[in-house]
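The values are calculated or read from the model by the stated rules, or taken from the named source; none is laboratory data. Every value quoted in this text rests on a predicted model; they were computed, and no experiment measured them. Please note: Cβ atoms are built from the backbone with ideal geometry, for glycine as well, and neighbour counts cover all protein chains shown.
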Amino acid sequence: MGIHQSETLVQDLALINQLILDDRSNENVGMYVFPVLTFKAEISTVLFGLKYAFEQLSLQHGNVAEKEQLFFWVKQPKDCENSVFNRNILKICRHFQITSKCAVNIQDTDVKIKVYVNETSSKSTVKVKEAAEWLMSSFFEKFKNKSLETFVLIHANESSAVAEPQTNMGRMARKLKADQLVQQIDLTKTI
């Protein structure tokens, strides 16, 4: 996995394991992880509108906070079919020109992982206990800065994360924008 400090790696793996294991209340759980370079407010608005819960992660290179990369870890709602969830996320990614993404599907003790980079994809199946290490070495490693040899994966801080609107007017504006974006992207599930 390149040079990645062992203490930092343990923290990164613990964060990913927490995200994976927190969603194991359902037998079949789906998630997507993708970098957000631009349009983070619009993407989060669509996700809020579809009622897709998501975590915001930050990949930081060494101790250089301004060199961070924001990722959304989107969780499949329990009442949403796999095919609808996958179709919606892929349409969102296509609309916002997100060319790298990772689909994670947990089925009992196995995790099926599909990594998309541009128009190509690769598939792997690993055990749940091996999923975090696989994601660090085969997905997040792709985004590390080649000149800085270490990186840290943490929950995004206030300066890089998209915040939930705090006022009723803000929530109403977000709902209107979500309705508009869902229609524009032509998502099948209505809000």
In the range 56-130, which strands (runs of 3 or more DSSP E) lie fully inside it and hold 1 or more residues that are in contact (Cβ under 8 Å) with a residue 24 or more places away in the chain, within 17 Å of T38 (Cβ to Cβ) and not basic (K, R)? 64-75, 100-107
Within the range 113-120, identify whether any single residue is farther than 23 Å from N17 by Cα, exposed (fewer than 15 other Cβ atoms within 10 Å of the Cβ) and more than 17 Å from the chain's Cα centre (by Cα), and answer yes or no. yes
Just checking, which of I16, I3 is crowded, with 18+ Cβ neighbours inside 10 Å and either at pLDDT 80 or above or in contact with a Ser or Thr (Cβ under 7 Å, 6 or more places away or on another chain) (or both)? I16
Residues to consider are S83, S58; find the one that is small (G, A, S) and either under 12 Å from the mean Cα position of the chain (by Cα) or under 21 Å from K40 (Cα atoms) (or both). S58
Failed item, numbered, when M169 is tested on (1) of a type in the set (A, V, I, L, M); (2) modelled with pLDDT of 85 or more; (3) within 29 Å of V84 (Cβ to Cβ): (3)
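Looking only at residues that are modelled with pLDDT of 75 or more and farther than 17 Å from C102 by Cα in the range 19-39, which one is surrounded by the most Cβ atoms within 10 Å (Cβ to Cβ)?
Step one: list which residues in the range 19-39 are modelled with pLDDT of 75 or more, which gives 19-20, 29-39.
Those left that are additionally farther than 17 Å from C102 by Cα: 38-39.
Numbers: T38: 10, F39: 16.
So, considering only residues that are modelled with pLDDT of 75 or more and farther than 17 Å from C102 by Cα, the one surrounded by the most Cβ atoms within 10 Å (Cβ to Cβ) is F39.
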Across the range 132-159, what is the total count of residues that are among the hydrophobic types (A, V, I, L, M, F, W, C) and either more than 21 Å from I106 (Cβ to Cβ) or modelled with pLDDT under 75 (or both)? 6
K142 vs (1) touching a residue at least 24 places away in the same chain (Cβ under 8 Å); (2) in contact with a Pro (Cβ under 9 Å, 6 or more places away or on another chain); (3) of a type in the set (D, E, K, R): all pass except (2)
Give me the pairs, please: first residue somewhere in the range 158-177 and farther than 23 Å from S58 by Cα and charged (D, E, K, R), second residue anywhere and surrounded by fewer than 14 Cβ atoms within 10 Å (Cβ to Cβ) and at pLDDT 90 or above, beta-carbon distance under 9 Å, and either six or more positions apart or on two chains. K177/A41
Filter the range 51-70 down to the residues that are surrounded by 19 or more Cβ atoms within 10 Å (Cβ to Cβ), touching a helix residue (DSSP H, G or I) at 6+ places or on another chain (Cβ under 9 Å) and farther than 20 Å from A178 by Cα, then identify the one that is modelled with the highest pLDDT. L57
